[in-house]
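A short write-up of the structure that comes next.
The values are calculated or read from the model by the stated rules, or taken from the named source; none is laboratory data. Remember, predicted model here, so these are calculated numbers, not experimental data. Here the Cβ positions follow ideal geometry from the backbone for every residue, glycine too, while neighbour counts run over all protein chains shown.
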Amino acid sequence: MRLATCIAVITLLSSCMPAMQLKPVENTVPEDAQVLVSGEIIHLKNAPFSFQGDFVFRAGAHAVVELHFAQGQDVASEVIAATTIEDITSFPILFSSKGNAQTAFERRGEYFLQVKVFQNNSNELIEGDLLNESTIELRGLSANVRAEVTGLELCNSEGAGRFCTSLKR
């Protein structure tokens, strides 16, 4: 549970810092890579303490799915596989993240997904963009994973939850 709290704090801090922008993840996957995790991204439109407006699919809308590894709790995580799904236009969003199945899950520790859905081509989390607030833990190769995402509201809005941003669209 401490890992989930750590992730929540890191996400909160990164979304409340206006000058901070996420570094794009390169999709350099070898041709012989296997599927490590696959599933669908679902938008929970009416989740409490989240942005209640519609998600607007603008030009360049995309999703980023990252498979993370952490050696323990309350430590930094390492991205071991990442996938960007470009030009999205509706939910659910299907995803599949590939990598070396022999080595991806060989270390002892925590494996989890981090999912972000952006309304345009920016990797900066802005009001109305989506992310998973709950940790999606994995124990190994996984299929049919349901990644539920909710919207970021403004930090100064009434009833703002633990995930918010100061950047208004």
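Of the residues that sit in the stretch 109-154 and are part of a loop (DSSP other than H, G, I, E, B) and among the acidic types (Asp, Glu), which one is farthest from residue 79 (Cα to Cα)? Residue satisfying both the conditions and the ranking: 127.
Where residues in the stretch 64-80 are in a strand (DSSP E or B) and among the acidic types (Asp, Glu), which of them is surrounded by the most Cβ atoms within 10 Å (Cβ to Cβ)? Filtering the stretch 64-80 for residues that are in a strand (DSSP E or B) and among the acidic types (Asp, Glu), the one surrounded by the most Cβ atoms within 10 Å (Cβ to Cβ) comes out as 66. On the stretch given as the stretch 81-107, residues that are in a loop (DSSP other than H, G, I, E, B) and touching a residue at least 12 places away in the same chain (Cβ under 8 Å) total 11. The set of residues in the stretch 103-126 being farther than 23 Å from residue 48 by Cα, modelled with pLDDT of 90 or more and among the polar types (S, T, N, Q) consists of 120, 121, 122, 123. Considering only residues that are within 20 Å of residue 88 (Cα to Cα) and touching a strand residue (DSSP E or B) at 6+ places or on another chain (Cβ under 6 Å), look in the stretch 44-54 and name the one that is modelled with the lowest pLDDT. Step by step, filter the stretch 44-54, then rank; the result is 51.
Kindly indicate whether residue 45 is crowded, with 16+ Cβ neighbours inside 10 Å, under 21 Å from residue 164 (Cβ atoms) and either within 14 Å of the chain's Cα centre (by Cα) or among the charged types (D, E, K, R) (or both). Answer is no for this residue.
Restricting attention to the stretch 137-161, the residues that are surrounded by fewer than 21 Cβ atoms within 10 Å (Cβ to Cβ) and in contact with a Gly (Cβ under 9 Å, 6 or more places away or on another chain) total 5. With respect to the numbered conditions (1) at pLDDT below 90; (2) crowded, with 21+ Cβ neighbours inside 10 Å, which one is the sole condition not fulfilled by residue 129? Exception for residue 129: condition (1). Of the residues 41, 136, the single one that is at pLDDT 95 or above and farther than 25 Å from residue 156 by Cα is 41.
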